[in-house]
Amino acid sequence: MSNGYDIIVIGGGHAGIEAAHAGAMMGCDVALITMDRFALGRMSCNPAIGGTAKGHLVREVDALGGIMAGTADHTGIQFRMLNRSKGPAVWSPRCQSDRKLYSEEAYRIISNSPNIEIVEESVVEILAAGGKVVGVSTASGKFINSSAVILSSGTFLNGKMHTGLVSTTGGRYGEKPSLGITESLSRLGFLSARLKTGTPPRLKKTTINWEILEEQAGDDSPQPFSYRTDKSVFPFLPQVSCFITHTDDSVHRVLEKGFDNSPMFTGLIKGVGPRYCPSIEDKIVRFSEKRQHQLFLEPEGLNSDQIYLNGFSTSLPANIQFEALRKIKGLENVEMVRPGYAVEYDYFPPHQVDLTLETKKIAGLYFAGQVNGTSGYEEAAAQGLVAGINAAAKIIGKRELVIRRNEAYIGVLIDDLVGKSTDEPYRMFTSRAEYRLLLRQDNADRRLLKYGYEYGLIDKAIYNELKEREIIISKAVNFCNDTKINANFINAHLNSRSLSEIDSTETISKLCKRPELGLSEVLKFVNTTEENRLFARALMENDLVLEQVEIELKYEGYLKRQDDMIKKLEKYESTSIPLTLNYQSIKALSAEGREKLNKIKPRSIGQSLRISGVTHSDIAVLLVYLKN
Amino acid sequence: MIHLEDTITAMATPNGVGAISIIRISGNKAIDVADSIFKGKMHITDANTHTVHYGKVVDAQNNFIDDVLLTIFKAPNSYTGEDVIEVSCHGNPLIGQKIIDLLLEKDVRIAEPGEFTMRAFLNNRIDLAQAEAVIDIITSRSDASLRGARNQLDGLLSNSVSILRNSLLDTLSFLELELDFSEEDVEFVAKDELLKKITLIIKKIDELLNSYRFGRVIRDGVNVAIIGKPNVGKSSLLNYLLKESRAIVSSTPGTTRDVIREEISIDGVLFKLFDTAGIRLSEDIIEKEGVRRSNEAIVNSDLVLFVNDVEQGYSEDLYDELRQLTKEDRIITVMNKIDLSSKSDLGDGIKISAKTGEGIDNLIDQMKQSTLGSANYSEKSAIVSNIRHFQCLCSARNSLSDAIVSVNQKYSGEFIAVDLRNAADFLGEIIGEVTSEDVLNNIFSKFCVGK
Ligand SMILES: Cc1cc2nc3c(=O)[nH]c(=O)nc-3n(C[C@H](O)[C@H](O)[C@H](O)COP(=O)(O)OP(=O)(O)OC[C@H]3O[C@@H](n4cnc5c(N)ncnc54)[C@H](O)[C@@H]3O)c2cc1C
Ligand SMILES: Nc1nc2c(ncn2[C@@H]2O[C@H](COP(=O)(O)OP(=O)(O)OP(=O)(O)O)[C@@H](O)[C@H]2O)c(=O)[nH]1
Ligand SMILES: [Mg+2]
């Protein structure tokens, strides 16, 4: 096909590059249509990847064969594991990235992929016929056809940027908006709505008084995001610090002067902004009792002269921003490279997509990323990957990929989007995952690598290595349950740590359940047989296995409870509902239940259970009805 | 939430009708659970399907509850297609209730209306033609949650549970804040503060749980057996309380042969009065049967009015017999016919005359006191009267106790959160609300987070 591709991806942001990469890896010809080839994987906002819950997403994307983790590893200039003082389920990796290098690395990967053609164009229309997508047309008048189109155009649809009362059209600083797509989709029957997000001003590095600011360094032994990154040569780049400062009353007073000219407060901005990422003016108004707000000064890159002021997102007039900045400790003489701004854009309330991210209305059309109402690079990447895999799977005849809530944050993300829709930008949090204790960053590979392998995104060698590791893990768990430690050997040690002694013998598992004792600490005292001693020693040297075994033993009771809950709900999750079910004809449903079910068209009873407004008697009615 | 994996139970016969009640238990734990409250010739876990077993139901302290017949139906050859046990007990609602209470202490929950039939349908035990009927049962059921509480009583409970749930969500928000926003400069919750909050919620739940006896009294009424030797004036007392001559009164001992049942309402509480045959040794077959029924009435009553004739004096031996059949605090001793007596010392007990009405007010006060206890419930108190709500509150309480253990063992917040979230879910079930988004909404409205 000269003018056609297996898959068209619109937009080379974090969603788009994952989608294109996955499709290409699965053997499809992919056109990645994007406005600017050098803006691939560009970080629109803060120069960082990961963080609480987002770090989990990155690890999951990696286990499925995505490129975000590796890209972050190669371009990271500070790595930290957040929440280390808490339990393993909420540890979250995060890094500061070199914004420029990140984008270059993404470009390198995409442009090296033989199956991807980067087309530098702006799409203005998505075309469909008979309920199926047929292609797109571009601003230069080209028509490109394909039976699979993934829309991942980010914050660009009818994008409008605001600083004070000055607004300009555009999807991101210095970039044009995307016009036409929303309208073409509205004509096809899609609902769209408006959201808003913002970004802080960028500061000139050399004009900041670093000496007086509190430093925040990275971890002493930084860990990579990707399972596939070679730890012996990691980190790849020199590591740098962030710095912390605070606003105070004087800063707030200045900002208040700009409220009359705030596009937010004057109602110029109609879109709904993220509550978890409020602008500094929002914080001052809503939490007026708070006298100061913490700000992070984050480097934009190793060789960049710009600093990103995390926590100071604003759309107040530029002169007010500047005046307020100079009141902040350490920024007395700062120069502002670029003011902060807010951006408003169209999205498609995500109940319009299915769990595969294919739209329910138009076959072959997929939505991924910010267009589904999410915000964040990681959320975008996760969706792009799932959309890419599903688009390709449909073409090459593989089964669809639907990841469940009990398998991954990605499952939670998509299930939330589809089942609850959203009217504000959606960000991932660990508290959204009801099976949080099971969905850890340390076991993303154990949860998901199998899918990466199944769809051809993960090498067989890597997959086999995991399978072998699983065998060792279960052997080691049995070993710890069966092997006893003698009081003679360990009591002296327990004493020295002022811990209570054991009576005669105790299994390794039982000892390890004590909060104060680590597994490797206990393993040292294995002394029953030579064979056991050797096994214990080997285990102590195998970090990957040791970590999994220790978690499984220590938190056994809790993990089991979550497992039991999954089993309890399994019947519901696996009872599927045809998309074609006519809810209007089921008279016994409650009025609200019927309306919600009809809107969301859940795939399974499990999904229906999570829809607010659907009562338990509705579920019972559905169960009976489906049986007919 | 309707969990089809749960083992469920409910009365299979209409309440209070018929000589025999049947309690049905269905689910994969049905046999184990039934076995744990049953004493027969063999363990029913060893028995074959479709066999009937005679034995006793006993409680955890081995107290006798009732003689029963227990029938085993193993999956898939049962009404629901699951393992089913049917317990046939005496047709007294209190016995049935007691057996169900025992089951609920195990891993069993009360069935939702229509749930047995629904399971039967889902397991292909009933045919398509019956599907419509199933749907009718399901939808006509009063949704067991308090969403749009129907009456004032439910409204008050719904309100209290909402308040409890909100304070639980607040506590949970503090924990979640620390997990999802650890990088922010917000204050986190100290462990002893956390314990304090959880303990307070437990205390409030206990108050609600304690109201259950009262709630049940309000809903089901109080069974009162009027017991005593022949001719002491039991029927006269019944008539006086009813303010009509319902029972035949005569000076011949042994007038009343069968149990006479009547109801009166005192201050909104329904008292179900059972006038019985006077108890004495007799060779008369009919009278013997009457005494047997009197005994049954005693076993099944919440309250026994033990009537004596002041002239004949207090009947020590009958009291001892009573104590075999019911608890001490359920017996109110009454000394009747004080109008006839000139004795100065009339002994212990409430002195009345069923003829003149003297002392009856005292008796009524005592009856109220004994059933409602000294607890101070008013029209404004939240009261639990529905067993499902009671069960949800118990489960919430258990989760909170787990949470306290986790806090004390210094587990990190995400572990404690599991328990608190479960507790919030259980409370949410009472008022028909699901938790998921509430915690985040709460955080965003209360804390300045986000960079
Ligand atoms: C000002 C601003 C502030 C933000 N603040 C935050 C924040 O605080 N926190 C946070 O988590 N996230 C924030 N984000 C969001 C974050 O940048 C996005 O969530 C993420 O980049 C979305 O990824 P995406 O792949 O969906 O789209 P994007 O990364 O936006 O990429 C879209 C791509 O599509 C291309 N494109 C668009 N339309 C067309 C078209 N018609 N034809 C061809 N190509 C097209 C664009 O050129 C671009 O390359 C912010 C974004 C902006 C712009
Ligand atoms: N003076 C007086 N007579 C009473 C009083 N209570 C009952 N009697 C008389 O005692 C006799 C027995 O009364 P019943 O009410 O039939 O006694 P009972 O306990 O029901 O007797 P059985 O049914 O035979 O067991 C009747 O003649 C009543 O009129 C009382 O308080 N004062
Ligand atoms: Mg009588």
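The values are calculated or read from the model by the stated rules, or taken from the named source; none is laboratory data. Treat the numbers as computed from the prediction; the structure is a model and nothing was measured. When we count neighbours, we look across all protein chains shown, and the Cβ atoms used for this are built from the backbone with ideal geometry, even at glycine. Remember, those area values only see protein heavy atoms, side chains included, never the ligands or the DNA or RNA. Shrake-Rupley method; radii C 1.70, N 1.55, O 1.52, S 1.80 Å.
Of the set (1) surrounded by fewer than 20 Cβ atoms within 10 Å (Cβ to Cβ); (2) more than 14 Å from chain B (Cβ to nearest Cβ); (3) in contact with a helix residue (DSSP H, G or I) (Cβ under 8 Å, 6 or more places away or on another chain), all apply to A:A461 but (3).
Which residue out of A:L417, A:L413, A:L439 is surrounded by 23 or more Cβ atoms within 10 Å (Cβ to Cβ), within 14 Å of chain B (Cβ to nearest Cβ) and in a loop (DSSP other than H, G, I, E, B)?
A:L439
Criterion applied to B:G290, B:G359 was being within 25 Å of B:G96 (Cα to Cα) and in contact with a Lys or Arg (Cβ under 6 Å, 6 or more places away or on another chain), and the one residue passing it is B:G290.
For the range B:243-263, the criterion of being out of contact with any Pro (no Cβ under 6 Å at 6 or more places or on another chain), open to solvent by less than 40 Å² (accessible area, probe 1.4 Å), under 20 Å from B:I364 (Cα atoms) and away from ligand 1 (no atom under 16 Å from the Cβ) is met by at least one residue.
Has the range B:365-375 got at least one residue that is hydroxyl-bearing (S, T, Y) and surrounded by 20 or more Cβ atoms within 10 Å (Cβ to Cβ)? Within the range B:365-375 (the criterion being hydroxyl-bearing (S, T, Y) and surrounded by 20 or more Cβ atoms within 10 Å (Cβ to Cβ)), the answer is yes, since at least one residue qualifies. A count restricted to the range A:192-216 and to residues that are farther than 27 Å from A:R427 by Cβ and basic (K, R) stands at 2. Scanning the range A:185-242 for residues that are among the aromatic types (F, W, Y), open to solvent by 40 Å² or more (accessible area, probe 1.4 Å) and in a loop (DSSP other than H, G, I, E, B) gives A:Y227, A:F236.
Taking the condition open to solvent by less than 10 Å² (accessible area, probe 1.4 Å) and either of a type in the set (D, E, K, R) or assigned to a helix (DSSP H, G or I) (or both), does A:A31 pass?
In short, no.
Would you call A:Q370 within 15 Å of ligand 1 (Cβ to nearest atom), in a helix (DSSP H, G or I) and either assigned by TED's automatic domain parsing to the domain that holds A:R275 or open to solvent by 10 Å² or more (accessible area, probe 1.4 Å) (or both)? Here the answer is yes, as A:Q370 does meet what is asked.
Cβ-Cβ contacts under 6 Å between residues 6 or more apart (or on different chains), taken from a first residue in the range B:258-270 that is over 30 Å from B:I286 (Cβ atoms) to a second residue that is part of a loop (DSSP other than H, G, I, E, B), are listed as B:L270/B:G221.
Close contacts from the range A:231-243, counting a first residue that is in contact (Cβ under 8 Å) with a residue 24 or more places away in the chain and a second that is surrounded by fewer than 17 Cβ atoms within 10 Å (Cβ to Cβ) and part of a strand (DSSP E or B), with Cβ to Cβ under 9 Å and a gap of 6+ residues or different chains, come to A:S241/A:E215; A:S241/A:Q216; A:C242/A:E215; A:C242/A:Q216; A:F243/A:E214; A:F243/A:E215; A:F243/A:Q216. Every condition in (1) surrounded by fewer than 18 Cβ atoms within 10 Å (Cβ to Cβ); (2) under 20 Å from the mean Cα position of the chain (by Cα) holds for B:A111 except the one numbered (1). Residues of the range B:204-243 that are more than 16 Å from ligand 3 (Cβ to nearest atom) and not in a helix (DSSP H, G or I): B:G221, B:V222, B:N223, B:K243. The residue that is most open to solvent (accessible area, probe 1.4 Å), counting only those in the range B:184-198 that are modelled with pLDDT under 90 and charged (D, E, K, R), is B:E187. The residue pairs whose first member lies in the range A:58-87 and is of a type in the set (F, W, Y), whose second member is open to solvent by 20 Å² or more (accessible area, probe 1.4 Å), and whose beta carbons are closer than 8 Å, counting only pairs six or more residues apart or on different chains, are A:F79/A:R94; A:F79/A:G218; A:F79/A:D219; A:F79/A:P222; A:F79/A:Q223; A:F79/A:P235; A:F79/A:Q239.
Right, A:S604: closer than 19 Å to B:E429 by Cβ and either away from chain B (no Cβ under 13 Å) or modelled with pLDDT under 90 (or both) or not? Criteria not met by A:S604. Just the residues that are part of a helix (DSSP H, G or I) and at the interface with chain B (Cβ under 10 Å from one of its Cβ atoms), please, taken from the range A:619-628. A:I619, A:A620, A:V621, A:L623, A:V624, A:Y625, A:L626, A:K627, listed by residue number. Examine the range B:30-49 for a residue that is open to solvent by 50 Å² or more (accessible area, probe 1.4 Å), within 14 Å of chain A (Cβ to nearest Cβ) and within 30 Å of A:E573 (Cβ to Cβ), and state whether such a residue exists. Looking for residues that are open to solvent by 50 Å² or more (accessible area, probe 1.4 Å), within 14 Å of chain A (Cβ to nearest Cβ) and within 30 Å of A:E573 (Cβ to Cβ), one finds none in the range B:30-49, hence no. Scanning the range A:273-319 for residues that are among the charged types (D, E, K, R) and away from chain B (no Cβ under 12 Å) gives A:E281, A:E300, A:D305. Candidates in the range B:254-285 are the residues that are over 24 Å from B:L94 (Cα atoms) and away from ligand 3 (no atom under 14 Å from the Cβ); of these, the one that is nearest to the other protein chains (Cβ to nearest Cβ) is B:I285. Scanning the range A:192-227 for residues that are of a type in the set (S, T, N, Q) and under 19 Å from A:E300 (Cβ atoms) turns up A:T197, A:T199, A:T206, A:T207, A:N209, A:Q216. Looking at this structure, is A:S147 farther than 27 Å from A:L302 by Cβ, open to solvent by 10 Å² or more (accessible area, probe 1.4 Å) and within 16 Å of ligand 1 (Cβ to nearest atom)? Answer is no for this residue.
Considering B:S301, B:S251, B:S236, the condition of being within 9 Å of ligand 2 (Cβ to nearest atom), in contact (Cβ under 8 Å) with a residue 40 or more places away in the chain and either of a type outside the set (A, V, I, L, M, F, W, C) or within 14 Å of another protein chain (Cβ to nearest Cβ) (or both) is satisfied by B:S236 alone. Looking at the range B:168-183, which of its residues are out of contact with any Ser or Thr (no Cβ under 6 Å at 6 or more places or on another chain) and either surrounded by 18 or more Cβ atoms within 10 Å (Cβ to Cβ) or closer than 15 Å to A:R432 by Cβ (or both)? Once the filter is applied, which keeps residues that are out of contact with any Ser or Thr (no Cβ under 6 Å at 6 or more places or on another chain) and either surrounded by 18 or more Cβ atoms within 10 Å (Cβ to Cβ) or closer than 15 Å to A:R432 by Cβ (or both), the range B:168-183 yields B:L168, B:L169, B:T171, B:L172, B:S173, B:F174, B:L175, B:L177, B:E178, B:F181, B:S182, B:E183. Candidates are the residues of the range A:607-618 that are without any contact (Cβ under 8 Å) to a residue 60 or more places away in the chain and surrounded by fewer than 21 Cβ atoms within 10 Å (Cβ to Cβ); the one that is farthest from the other protein chains (Cβ to nearest Cβ) is A:G613. Exactly one residue out of A:R59, A:R84, A:R80 is under 30 Å from B:Q409 (Cβ atoms), open to solvent by 10 Å² or more (accessible area, probe 1.4 Å), away from ligand 1 (no atom under 16 Å from the Cβ) and away from chain B (no Cβ under 14 Å), and it is A:R59.
Selection over the range A:279-299 of residues that are open to solvent by less than 10 Å² (accessible area, probe 1.4 Å) and part of a loop (DSSP other than H, G, I, E, B) gives a count of 2.
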